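The values are calculated or read from the model by the stated rules, or taken from the named source; none is laboratory data. Here the structure is a predicted model, which means the values were calculated and not measured. Using ideal geometry, Cβ is built from the backbone for each residue, glycine included, and neighbour counts are taken over all protein chains shown. Note: areas computed on protein heavy atoms with side chains; ligands, DNA, RNA excluded. Shrake-Rupley method; radii C 1.70, N 1.55, O 1.52, S 1.80 Å.
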Amino acid sequence: MWKTTLSVFVSVVLLATFSFVVWVVASHDYRWEALAPYWKNLLSGWGTTLLISVLALVLSVLVGVLLTAGQLSGHRLPAFLCRVYVEFIRGTPLLTQILIGYYLVADAVGWHSRFGVGLVVLSCFSGAYLSEIFRGGIESVPASQWLSARAIGLTGAQTYRFVVVPQAVRRVLPASAGQFANLIKDSSLLFVISVHEFTMQAREANANTYATFEAYLPLIVGYFLLTFPISLLSRRLERRYRYEH
Amino acid sequence: MSIEIEGLTKHYGSTRAIDGIDLAFGDAVKVLALIGPSGGGKSTLLRLLGGLETSDSGSVRIDGAAVPRDEEGQRAWRRRNGFLFQSFNLFPHLTALENIVLPLVEAHGWTRDAARARAREVVERFGMGDHLAKRPAELSGGQQQRIALARAMAHGPALLLLDEPTSALDPERKAEVLDLVEELCRAGQRTVLSTHEMGFARGSADAVVFLSAGKVVESGTAEEVFGAPKSETVKAFLGKVMRW
(Lines give C-alpha, C1' and ligand atoms only; values in the text may rest on other atoms or scores of the structure.)
Protein backbone atom coordinates (compact mmCIF):
# COMPACT_ATOMS: atom_id res chain seq x y z
CA MET A 1 0.00 0.00 0.00
CA TRP A 2 2.65 2.51 1.08
CA LYS A 3 4.68 1.51 -1.99
CA THR A 4 1.82 2.46 -4.31
CA THR A 5 1.27 5.71 -2.46
CA LEU A 6 4.96 6.54 -2.69
CA SER A 7 5.22 5.76 -6.41
CA VAL A 8 2.09 7.79 -7.18
CA PHE A 9 3.47 10.67 -5.11
CA VAL A 10 6.88 10.56 -6.83
CA SER A 11 5.31 10.32 -10.29
CA VAL A 12 2.98 13.26 -9.65
CA VAL A 13 5.75 15.47 -8.25
CA LEU A 14 8.10 14.66 -11.13
CA LEU A 15 5.47 15.13 -13.83
CA ALA A 16 4.22 18.38 -12.35
CA THR A 17 7.69 19.83 -11.93
CA PHE A 18 8.75 18.72 -15.39
CA SER A 19 5.65 20.14 -17.06
CA PHE A 20 6.02 23.41 -15.19
CA VAL A 21 9.68 23.79 -16.20
CA VAL A 22 8.96 22.94 -19.84
CA TRP A 23 6.03 25.38 -19.89
CA VAL A 24 8.10 28.21 -18.38
CA VAL A 25 11.00 27.59 -20.76
CA ALA A 26 8.75 27.24 -23.81
CA SER A 27 6.67 30.31 -23.11
CA HIS A 28 9.70 32.61 -22.85
CA ASP A 29 9.94 35.22 -25.58
CA TYR A 30 13.04 34.26 -27.58
CA ARG A 31 14.99 36.31 -30.10
CA TRP A 32 16.50 33.44 -32.09
CA GLU A 33 17.39 35.76 -34.96
CA ALA A 34 19.99 37.42 -32.72
CA LEU A 35 21.81 34.13 -32.51
CA ALA A 36 21.82 33.51 -36.26
CA PRO A 37 25.42 34.69 -36.92
CA TYR A 38 26.68 32.38 -34.14
CA TRP A 39 25.24 29.00 -35.13
CA LYS A 40 28.39 28.10 -37.01
CA ASN A 41 30.57 28.89 -33.99
CA LEU A 42 28.32 26.88 -31.71
CA LEU A 43 28.49 23.91 -34.04
CA SER A 44 32.27 24.05 -34.24
CA GLY A 45 32.38 24.39 -30.43
CA TRP A 46 30.23 21.29 -30.18
CA GLY A 47 32.67 19.49 -32.47
CA THR A 48 35.57 20.53 -30.24
CA THR A 49 33.73 19.32 -27.15
CA LEU A 50 32.97 16.02 -28.89
CA LEU A 51 36.61 15.57 -29.88
CA ILE A 52 38.03 16.50 -26.49
CA SER A 53 35.45 14.31 -24.73
CA VAL A 54 36.23 11.23 -26.79
CA LEU A 55 39.98 11.68 -26.40
CA ALA A 56 39.72 12.50 -22.68
CA LEU A 57 37.47 9.50 -22.17
CA VAL A 58 40.12 7.16 -23.54
CA LEU A 59 42.97 8.91 -21.77
CA SER A 60 41.14 9.07 -18.44
CA VAL A 61 40.47 5.34 -18.54
CA LEU A 62 44.20 4.85 -19.04
CA VAL A 63 44.98 7.17 -16.11
CA GLY A 64 42.35 5.42 -14.00
CA VAL A 65 43.72 1.96 -14.77
CA LEU A 66 47.27 3.05 -13.93
CA LEU A 67 46.17 4.63 -10.64
CA THR A 68 44.18 1.52 -9.75
CA ALA A 69 47.14 -0.70 -10.58
CA GLY A 70 49.35 1.51 -8.41
CA GLN A 71 46.98 1.33 -5.49
CA LEU A 72 46.51 -2.44 -5.74
CA SER A 73 50.16 -3.17 -6.55
CA GLY A 74 50.89 -4.30 -3.01
CA HIS A 75 53.92 -2.01 -2.94
CA ARG A 76 53.68 0.71 -0.34
CA LEU A 77 55.26 3.66 -2.10
CA PRO A 78 53.25 3.57 -5.36
CA ALA A 79 50.09 2.75 -3.42
CA PHE A 80 50.67 5.74 -1.14
CA LEU A 81 51.54 8.10 -4.00
CA CYS A 82 48.50 7.07 -6.02
CA ARG A 83 46.32 7.51 -2.95
CA VAL A 84 47.69 11.03 -2.38
CA TYR A 85 47.16 11.87 -6.06
CA VAL A 86 43.56 10.65 -6.02
CA GLU A 87 42.68 12.46 -2.80
CA PHE A 88 44.34 15.68 -3.91
CA ILE A 89 42.80 15.76 -7.39
CA ARG A 90 39.35 14.86 -6.15
CA GLY A 91 39.53 17.33 -3.31
CA THR A 92 40.50 20.44 -5.28
CA PRO A 93 38.63 22.48 -7.92
CA LEU A 94 39.08 21.50 -11.56
CA LEU A 95 39.06 25.17 -12.50
CA THR A 96 42.22 25.80 -10.48
CA GLN A 97 43.84 22.65 -11.81
CA ILE A 98 43.25 23.80 -15.38
CA LEU A 99 44.69 27.26 -14.64
CA ILE A 100 47.78 25.87 -12.90
CA GLY A 101 48.17 23.16 -15.56
CA TYR A 102 48.18 25.60 -18.44
CA TYR A 103 49.67 28.85 -17.12
CA LEU A 104 52.25 27.39 -14.74
CA VAL A 105 53.11 23.75 -15.46
CA ALA A 106 52.70 23.58 -19.26
CA ASP A 107 54.25 27.02 -19.60
CA ALA A 108 57.28 25.90 -17.58
CA VAL A 109 57.93 23.09 -20.05
CA GLY A 110 57.17 25.26 -23.05
CA TRP A 111 53.95 23.55 -24.11
CA HIS A 112 51.38 26.03 -25.40
CA SER A 113 48.61 23.91 -26.90
CA ARG A 114 45.44 24.93 -25.06
CA PHE A 115 43.61 21.95 -26.46
CA GLY A 116 46.40 19.54 -25.54
CA VAL A 117 46.86 20.83 -21.99
CA GLY A 118 43.11 20.97 -21.46
CA LEU A 119 42.82 17.37 -22.63
CA VAL A 120 45.57 16.18 -20.28
CA VAL A 121 44.29 18.06 -17.22
CA LEU A 122 40.76 16.85 -17.82
CA SER A 123 41.94 13.26 -18.19
CA CYS A 124 44.06 13.44 -15.05
CA PHE A 125 41.07 14.84 -13.16
CA SER A 126 38.56 12.30 -14.41
CA GLY A 127 41.09 9.47 -14.11
CA ALA A 128 41.27 10.04 -10.36
CA TYR A 129 37.52 9.46 -10.05
CA LEU A 130 37.61 6.47 -12.39
CA SER A 131 40.42 4.83 -10.44
CA GLU A 132 38.27 4.85 -7.31
CA ILE A 133 35.40 3.31 -9.27
CA PHE A 134 37.70 0.65 -10.76
CA ARG A 135 39.30 -0.11 -7.39
CA GLY A 136 35.88 -0.54 -5.80
CA GLY A 137 34.85 -2.88 -8.62
CA ILE A 138 37.93 -5.05 -8.30
CA GLU A 139 37.75 -5.20 -4.52
CA SER A 140 34.08 -6.21 -4.71
CA VAL A 141 34.98 -9.49 -6.44
CA PRO A 142 34.72 -11.99 -3.57
CA ALA A 143 37.80 -13.58 -2.00
CA SER A 144 36.44 -17.01 -2.97
CA GLN A 145 36.96 -16.13 -6.64
CA TRP A 146 40.62 -15.25 -6.07
CA LEU A 147 41.07 -18.46 -4.11
CA SER A 148 39.45 -20.54 -6.86
CA ALA A 149 41.65 -18.90 -9.47
CA ARG A 150 44.74 -19.66 -7.39
CA ALA A 151 43.60 -23.23 -6.82
CA ILE A 152 43.30 -23.98 -10.53
CA GLY A 153 46.82 -22.67 -11.00
CA LEU A 154 46.27 -19.31 -12.71
CA THR A 155 48.98 -16.67 -12.43
CA GLY A 156 48.18 -13.25 -10.98
CA ALA A 157 47.87 -11.72 -14.44
CA GLN A 158 45.63 -14.56 -15.64
CA THR A 159 43.47 -14.17 -12.55
CA TYR A 160 42.89 -10.51 -13.40
CA ARG A 161 42.32 -11.20 -17.07
CA PHE A 162 39.99 -14.18 -16.91
CA VAL A 163 38.36 -13.97 -13.50
CA VAL A 164 38.48 -10.57 -11.82
CA VAL A 165 38.23 -7.98 -14.60
CA PRO A 166 35.28 -9.62 -16.43
CA GLN A 167 33.34 -9.65 -13.15
CA ALA A 168 34.46 -6.16 -12.14
CA VAL A 169 33.52 -4.60 -15.50
CA ARG A 170 29.82 -5.12 -14.98
CA ARG A 171 29.99 -3.72 -11.47
CA VAL A 172 31.79 -0.55 -12.54
CA LEU A 173 29.74 0.18 -15.68
CA PRO A 174 26.97 2.36 -14.18
CA ALA A 175 29.32 4.49 -12.09
CA SER A 176 31.80 4.82 -14.97
CA ALA A 177 29.04 5.96 -17.32
CA GLY A 178 28.13 8.64 -14.76
CA GLN A 179 31.73 9.73 -14.55
CA PHE A 180 32.00 9.91 -18.36
CA ALA A 181 28.95 12.17 -18.46
CA ASN A 182 30.59 14.36 -15.81
CA LEU A 183 33.77 14.45 -17.85
CA ILE A 184 31.89 15.75 -20.89
CA LYS A 185 30.22 18.49 -18.88
CA ASP A 186 33.44 19.32 -17.00
CA SER A 187 35.11 20.03 -20.33
CA SER A 188 33.08 23.27 -20.32
CA LEU A 189 35.51 24.63 -17.70
CA LEU A 190 38.24 24.71 -20.33
CA PHE A 191 36.93 28.17 -21.24
CA VAL A 192 39.32 29.54 -18.57
CA ILE A 193 42.21 28.77 -20.89
CA SER A 194 40.24 29.81 -23.96
CA VAL A 195 39.72 26.43 -25.54
CA HIS A 196 37.00 27.14 -28.06
CA GLU A 197 34.68 24.40 -26.97
CA PHE A 198 30.90 24.40 -26.87
CA THR A 199 30.30 26.43 -23.68
CA MET A 200 32.96 28.96 -24.61
CA GLN A 201 31.15 29.61 -27.89
CA ALA A 202 27.86 30.06 -26.06
CA ARG A 203 29.52 32.53 -23.69
CA GLU A 204 30.84 34.52 -26.61
CA ALA A 205 27.50 34.51 -28.39
CA ASN A 206 25.86 35.75 -25.21
CA ALA A 207 28.48 38.46 -24.62
CA ASN A 208 27.94 39.80 -28.12
CA THR A 209 24.16 39.58 -28.35
CA TYR A 210 22.88 39.66 -24.75
CA ALA A 211 20.54 36.89 -25.94
CA THR A 212 21.40 34.78 -22.89
CA PHE A 213 18.85 31.98 -23.14
CA GLU A 214 19.14 31.77 -26.90
CA ALA A 215 22.89 31.27 -26.48
CA TYR A 216 22.75 28.81 -23.61
CA LEU A 217 19.70 26.71 -24.49
CA PRO A 218 21.51 24.91 -27.33
CA LEU A 219 23.93 23.64 -24.67
CA ILE A 220 21.13 21.51 -23.24
CA VAL A 221 20.58 19.76 -26.53
CA GLY A 222 24.27 19.58 -27.39
CA TYR A 223 25.47 18.09 -24.11
CA PHE A 224 22.53 15.72 -23.88
CA LEU A 225 23.35 14.41 -27.36
CA LEU A 226 26.80 13.53 -26.02
CA THR A 227 25.88 12.11 -22.62
CA PHE A 228 22.74 10.16 -23.45
CA PRO A 229 24.42 7.70 -25.87
CA ILE A 230 26.90 6.87 -23.10
CA SER A 231 24.03 6.08 -20.80
CA LEU A 232 22.41 3.87 -23.45
CA LEU A 233 25.66 2.11 -24.22
CA SER A 234 26.29 1.47 -20.53
CA ARG A 235 22.87 -0.11 -20.12
CA ARG A 236 23.43 -2.30 -23.14
CA LEU A 237 26.80 -3.45 -21.90
CA GLU A 238 25.35 -4.10 -18.45
CA ARG A 239 22.79 -6.42 -19.99
CA ARG A 240 25.48 -8.16 -21.97
CA TYR A 241 27.61 -8.77 -18.90
CA ARG A 242 24.67 -9.86 -16.77
CA TYR A 243 25.08 -13.36 -15.41
CA GLU A 244 23.37 -13.44 -12.04
CA HIS A 245 19.72 -14.39 -11.94
CA MET B 1 50.41 -42.16 -2.01
CA SER B 2 52.90 -41.48 0.69
CA ILE B 3 52.48 -38.43 2.87
CA GLU B 4 55.14 -37.36 5.35
CA ILE B 5 54.50 -34.34 7.52
CA GLU B 6 57.10 -33.16 10.00
CA GLY B 7 56.81 -30.42 12.61
CA LEU B 8 54.27 -28.50 10.50
CA THR B 9 53.03 -25.17 11.86
CA LYS B 10 50.91 -22.38 10.41
CA HIS B 11 49.84 -19.35 12.42
CA TYR B 12 47.47 -16.55 11.45
CA GLY B 13 48.37 -13.73 13.79
CA SER B 14 48.02 -15.25 17.23
CA THR B 15 45.83 -18.13 16.01
CA ARG B 16 47.68 -21.41 15.74
CA ALA B 17 45.79 -22.99 12.86
CA ILE B 18 48.32 -25.82 12.57
CA ASP B 19 50.38 -26.32 15.69
CA GLY B 20 53.18 -28.81 15.19
CA ILE B 21 51.84 -31.75 13.20
CA ASP B 22 53.70 -34.99 12.46
CA LEU B 23 52.06 -37.61 10.27
CA ALA B 24 53.19 -40.38 7.98
CA PHE B 25 51.16 -42.57 5.66
CA GLY B 26 52.41 -45.14 3.21
CA ASP B 27 51.30 -46.13 -0.27
CA ALA B 28 48.39 -48.20 1.00
CA VAL B 29 46.49 -45.01 1.86
CA LYS B 30 44.64 -43.79 -1.22
CA VAL B 31 41.93 -41.83 0.53
CA LEU B 32 42.68 -39.77 3.62
CA ALA B 33 39.91 -38.11 5.61
CA LEU B 34 40.47 -35.18 7.96
CA ILE B 35 37.80 -34.91 10.61
CA GLY B 36 37.26 -32.93 13.80
CA PRO B 37 35.58 -29.79 15.07
CA SER B 38 35.28 -26.65 12.94
CA GLY B 39 38.31 -24.41 13.31
CA GLY B 40 40.42 -27.43 14.24
CA GLY B 41 42.82 -26.97 11.33
CA LYS B 42 41.37 -29.25 8.64
CA SER B 43 41.09 -26.58 5.94
CA THR B 44 44.50 -25.15 6.72
CA LEU B 45 46.14 -28.57 6.52
CA LEU B 46 44.45 -29.21 3.16
CA ARG B 47 45.66 -25.86 1.85
CA LEU B 48 49.19 -26.60 3.02
CA LEU B 49 49.08 -29.99 1.29
CA GLY B 50 47.79 -28.37 -1.89
CA GLY B 51 50.27 -25.49 -1.99
CA LEU B 52 47.65 -22.80 -1.38
CA GLU B 53 49.33 -21.68 1.83
CA THR B 54 52.94 -21.60 2.97
CA SER B 55 53.77 -23.12 6.33
CA ASP B 56 55.64 -21.19 8.99
CA SER B 57 57.85 -24.16 9.73
CA GLY B 58 58.10 -27.88 9.14
CA SER B 59 57.78 -29.82 5.91
CA VAL B 60 55.25 -31.75 3.85
CA ARG B 61 56.38 -34.42 1.41
CA ILE B 62 54.01 -36.21 -0.93
CA ASP B 63 55.43 -39.24 -2.73
CA GLY B 64 58.85 -38.02 -1.66
CA ALA B 65 58.50 -34.54 -3.17
CA ALA B 66 58.43 -31.56 -0.82
CA VAL B 67 55.61 -29.05 -1.26
CA PRO B 68 57.39 -25.95 -2.63
CA ARG B 69 57.59 -22.78 -0.59
CA ASP B 70 58.02 -20.25 -3.41
CA GLU B 71 55.06 -18.86 -5.37
CA GLU B 72 56.12 -20.25 -8.72
CA GLY B 73 56.81 -23.72 -7.38
CA GLN B 74 53.53 -23.68 -5.51
CA ARG B 75 51.64 -22.72 -8.65
CA ALA B 76 53.13 -25.68 -10.50
CA TRP B 77 52.18 -27.83 -7.50
CA ARG B 78 48.61 -26.53 -7.52
CA ARG B 79 48.33 -27.27 -11.22
CA ARG B 80 49.21 -30.91 -10.61
CA ASN B 81 46.45 -31.26 -8.05
CA GLY B 82 42.73 -30.61 -8.01
CA PHE B 83 40.89 -28.53 -5.43
CA LEU B 84 37.26 -28.36 -4.41
CA PHE B 85 35.99 -25.98 -1.74
CA GLN B 86 32.77 -25.83 0.22
CA SER B 87 31.07 -23.49 -2.25
CA PHE B 88 31.60 -20.63 -4.73
CA ASN B 89 34.19 -22.62 -6.65
CA LEU B 90 32.90 -21.71 -10.07
CA PHE B 91 33.33 -18.44 -11.93
CA PRO B 92 29.82 -16.94 -12.25
CA HIS B 93 30.49 -15.14 -15.54
CA LEU B 94 31.48 -18.34 -17.34
CA THR B 95 29.35 -21.31 -18.40
CA ALA B 96 29.96 -24.73 -16.89
CA LEU B 97 31.91 -25.71 -20.00
CA GLU B 98 34.04 -22.55 -19.94
CA ASN B 99 34.73 -23.06 -16.24
CA ILE B 100 36.34 -26.40 -17.02
CA VAL B 101 38.05 -25.29 -20.23
CA LEU B 102 39.70 -22.18 -18.68
CA PRO B 103 42.30 -23.97 -16.49
CA LEU B 104 42.98 -26.63 -19.13
CA VAL B 105 43.84 -23.97 -21.70
CA GLU B 106 45.41 -21.28 -19.52
CA ALA B 107 47.11 -23.29 -16.77
CA HIS B 108 47.84 -26.53 -18.61
CA GLY B 109 48.44 -25.29 -22.14
CA TRP B 110 45.88 -27.51 -23.88
CA THR B 111 44.37 -26.43 -27.17
CA ARG B 112 40.84 -25.12 -26.90
CA ASP B 113 39.44 -28.03 -28.92
CA ALA B 114 41.17 -30.66 -26.82
CA ALA B 115 40.04 -28.88 -23.65
CA ARG B 116 36.42 -28.78 -24.80
CA ALA B 117 36.46 -32.42 -25.77
CA ARG B 118 37.96 -33.33 -22.40
CA ALA B 119 35.47 -31.14 -20.50
CA ARG B 120 32.54 -32.80 -22.30
CA GLU B 121 33.91 -36.24 -21.56
CA VAL B 122 34.31 -35.59 -17.81
CA VAL B 123 30.97 -33.85 -17.50
CA GLU B 124 29.19 -36.69 -19.33
CA ARG B 125 30.80 -39.13 -16.96
CA PHE B 126 29.53 -37.07 -14.04
CA GLY B 127 26.01 -37.16 -15.48
CA MET B 128 25.93 -33.41 -16.12
CA GLY B 129 26.02 -33.39 -19.91
CA ASP B 130 22.83 -31.33 -20.23
CA HIS B 131 24.19 -28.47 -18.18
CA LEU B 132 27.35 -27.53 -20.08
CA ALA B 133 25.97 -24.30 -21.51
CA LYS B 134 24.53 -23.08 -18.20
CA ARG B 135 26.04 -20.47 -15.93
CA PRO B 136 26.54 -21.37 -12.25
CA ALA B 137 23.52 -19.32 -11.17
CA GLU B 138 21.32 -21.62 -13.28
CA LEU B 139 22.58 -24.74 -11.49
CA SER B 140 21.62 -26.14 -8.10
CA GLY B 141 24.25 -26.24 -5.34
CA GLY B 142 24.84 -29.93 -5.94
CA GLN B 143 25.18 -29.45 -9.69
CA GLN B 144 27.62 -26.61 -9.11
CA GLN B 145 29.76 -28.84 -6.91
CA ARG B 146 29.71 -31.60 -9.51
CA ILE B 147 30.83 -29.20 -12.23
CA ALA B 148 33.52 -27.88 -9.89
CA LEU B 149 34.57 -31.47 -9.23
CA ALA B 150 34.69 -32.08 -12.98
CA ARG B 151 36.97 -29.04 -13.26
CA ALA B 152 39.22 -30.36 -10.48
CA MET B 153 39.38 -33.78 -12.20
CA ALA B 154 39.66 -32.76 -15.85
CA HIS B 155 43.46 -32.61 -16.01
CA GLY B 156 43.92 -35.89 -14.12
CA PRO B 157 45.14 -34.52 -10.79
CA ALA B 158 47.85 -36.36 -8.88
CA LEU B 159 45.95 -35.54 -5.71
CA LEU B 160 42.35 -34.48 -5.26
CA LEU B 161 41.86 -32.14 -2.30
CA LEU B 162 38.31 -31.65 -1.08
CA ASP B 163 37.57 -29.08 1.60
CA GLU B 164 34.19 -29.95 3.11
CA PRO B 165 32.74 -30.39 -0.38
CA THR B 166 29.18 -30.99 0.86
CA SER B 167 28.90 -28.71 3.89
CA ALA B 168 26.88 -26.09 2.06
CA LEU B 169 24.39 -28.57 0.56
CA ASP B 170 21.08 -30.02 1.69
CA PRO B 171 21.02 -33.79 2.37
CA GLU B 172 19.80 -34.86 -1.05
CA ARG B 173 22.42 -32.79 -2.86
CA LYS B 174 25.04 -34.02 -0.42
CA ALA B 175 24.35 -37.58 -1.51
CA GLU B 176 24.69 -36.63 -5.21
CA VAL B 177 28.13 -35.23 -4.60
CA LEU B 178 29.31 -37.88 -2.14
CA ASP B 179 28.27 -40.68 -4.53
CA LEU B 180 30.46 -39.12 -7.15
CA VAL B 181 33.41 -38.64 -4.79
CA GLU B 182 33.11 -42.24 -3.65
CA GLU B 183 33.07 -43.43 -7.23
CA LEU B 184 36.25 -41.47 -7.93
CA CYS B 185 37.92 -42.86 -4.81
CA ARG B 186 36.97 -46.39 -5.80
CA ALA B 187 38.39 -45.82 -9.26
CA GLY B 188 41.72 -45.18 -7.53
CA GLN B 189 41.78 -41.38 -7.39
CA ARG B 190 44.11 -40.39 -4.57
CA THR B 191 42.17 -38.04 -2.37
CA VAL B 192 42.50 -36.02 0.81
CA LEU B 193 39.27 -34.57 2.12
CA SER B 194 38.09 -32.71 5.16
CA THR B 195 34.55 -33.58 6.05
CA HIS B 196 31.78 -33.61 8.60
CA GLU B 197 30.20 -36.64 6.88
CA MET B 198 31.31 -39.30 9.34
CA GLY B 199 29.55 -42.07 7.47
CA PHE B 200 31.43 -41.18 4.34
CA ALA B 201 34.78 -40.94 6.13
CA ARG B 202 34.23 -44.27 7.79
CA GLY B 203 33.09 -46.01 4.63
CA SER B 204 35.48 -44.58 2.05
CA ALA B 205 38.69 -43.48 3.73
CA ASP B 206 41.72 -45.70 4.13
CA ALA B 207 43.02 -43.48 6.90
CA VAL B 208 41.46 -40.89 9.17
CA VAL B 209 43.09 -38.01 11.02
CA PHE B 210 41.27 -36.24 13.83
CA LEU B 211 42.41 -32.63 14.16
CA SER B 212 41.54 -30.28 16.98
CA ALA B 213 43.08 -26.93 17.91
CA GLY B 214 45.69 -27.40 15.20
CA LYS B 215 46.99 -30.68 16.57
CA VAL B 216 46.54 -34.31 15.59
CA VAL B 217 44.51 -35.87 18.36
CA GLU B 218 44.26 -39.27 16.78
CA SER B 219 45.05 -40.96 13.50
CA GLY B 220 44.74 -44.42 12.08
CA THR B 221 42.52 -46.54 9.86
CA ALA B 222 38.85 -45.65 9.72
CA GLU B 223 38.05 -48.70 11.84
CA GLU B 224 40.57 -47.72 14.50
CA VAL B 225 39.42 -44.14 14.82
CA PHE B 226 35.68 -44.75 14.54
CA GLY B 227 35.55 -48.25 16.04
CA ALA B 228 37.82 -47.80 19.02
CA PRO B 229 38.75 -44.16 19.60
CA LYS B 230 41.43 -43.82 22.24
CA SER B 231 41.24 -40.19 23.28
CA GLU B 232 38.42 -38.62 25.24
CA THR B 233 38.21 -35.71 22.78
CA VAL B 234 37.50 -38.03 19.86
CA LYS B 235 35.09 -40.14 21.88
CA ALA B 236 33.16 -37.05 22.96
CA PHE B 237 33.14 -35.62 19.42
CA LEU B 238 32.00 -38.85 17.79
CA GLY B 239 29.48 -39.41 20.55
CA LYS B 240 27.92 -36.06 19.73
CA VAL B 241 27.99 -36.13 15.93
CA MET B 242 27.00 -39.79 15.55
CA ARG B 243 24.11 -39.45 17.97
CA TRP B 244 21.80 -37.95 15.39
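One table, with the values for the structure above:
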read-out: Alpha carbon Rg of the stretch B:28-68, scaled by the compact-globule rule 2.2 N^0.38 Å; value: 1.24
read-out: Residue order for A:Tyr160, A:Tyr102, A:Tyr210 - accessible surface, 1.4 angstrom probe, largest first; value: A:Tyr210, A:Tyr160, A:Tyr102
read-out: Average partner coverage of A:142-149, which counts Cβ from other chains inside 10 Å; value: 5
read-out: Heavy-atom accessible area per residue - the protein assembly as shown, 1.4 Å, Å²; value: 49
read-out: Chain lengthening between A:Leu6 and A:His112 when straightened (0.36 nm per residue, less Cα-Cα); value: 32.6 nm
read-out: Cα-derived Rg to Rh of the stretch B:164-244, Kirkwood definition; value: 0.96
read-out: Net charge dipole size for the protein assembly as shown [Lys, Arg +1 and Asp, Glu -1 on Cβ; Debye, nearest 20]; value: 480
read-out: Buried area at the A-B interface (accessible, heavy atoms, 1.4 Å probe, summed, Å²); value: 2000
read-out: 222 nm mean residue ellipticity, helices alone, for the protein assembly as shown (DSSP H n ≥ 4; -39,500 (n - 2.57); rounded to 500); value: -18500 deg cm²/dmol
read-out: Principal axes of the protein assembly as shown: Cα extent on each, largest first, Å; value: 100, 60, 46
read-out: Inter-site label distance for B:Asp170 and B:Arg120 at 7 Å from Cα along Cβ, in nm; value: 3.4
read-out: Most to least accessible of A:Trp23, A:Trp146, A:Trp39 (protein chains only, probe 1.4 Å); value: A:Trp23, A:Trp39, A:Trp146
read-out: Average beta-carbon neighbours from other chains, 10 Å sphere, peptide B:91-101; value: 4
read-out: Fraction of the pair-distance distribution of chain B above 34 Å, Cα-Cα pairs, percent; value: 15
read-out: Spin-label model distance (nm) - A:Arg242 vs B:Glu138, 7 Å beyond Cα toward Cβ; value: 1.4
read-out: Restraint check, B:Lys174/B:Lys215; B:Lys30/B:Lys215; A:Lys3/B:Lys174; A:Lys185/B:Lys134; B:Lys134/B:Lys240, Cα-Cα greater than 32 Å; value: A:Lys3/B:Lys174; A:Lys185/B:Lys134; B:Lys134/B:Lys240
read-out: Beta bridges per DSSP with both ends in the protein assembly as shown, % antiparallel, nearest 5; value: 55
read-out: Quotient of Cα Rg and 2.2 N^0.38 Å for the stretch A:42-240, N being how many residues it contains; value: 1.18
read-out: Net charge of neighbours whose Cβ lies under 12 Å from the Cβ of B:Val122, counting Lys and Arg as +1 and Asp and Glu as -1; value: +4
read-out: Among beta bridges that DSSP assigns inside chain B, antiparallel share in %, nearest 5; value: 55
read-out: Peptides ranked, highest mean first, by Cβ atoms within 10 Å: ranges A:2-12, A:71-81, B:228-238; value: B:228-238, A:71-81, A:2-12
read-out: Isotropically averaged projected area of the stretch A:44-100, using the convex hull of Cα atoms (one quarter of hull area), nm²; value: 4.6
read-out: Cleavage-rule hits (trypsin sites (Lys or Arg not before Pro)) in the stretch A:146-245: DSSP loop, at most 16 neighbouring Cβ within 10 angstrom; value: A:Arg242
read-out: Sites B:Leu23 and A:Asn182 - FRET efficiency at Förster radius 51 Å, r taken between beta-carbons, to 0.05; value: 0.30
read-out: Calculated log₁₀ intensity ratio I(q)/I(0) where the Debye formula runs over C-alpha points of the stretch B:71-200, q = 0.18, 0.21 Å⁻¹; value: -0.97, -1.32
read-out: For B:His93, residues with placed amide H under 5 Å, excluding near neighbours; value: none
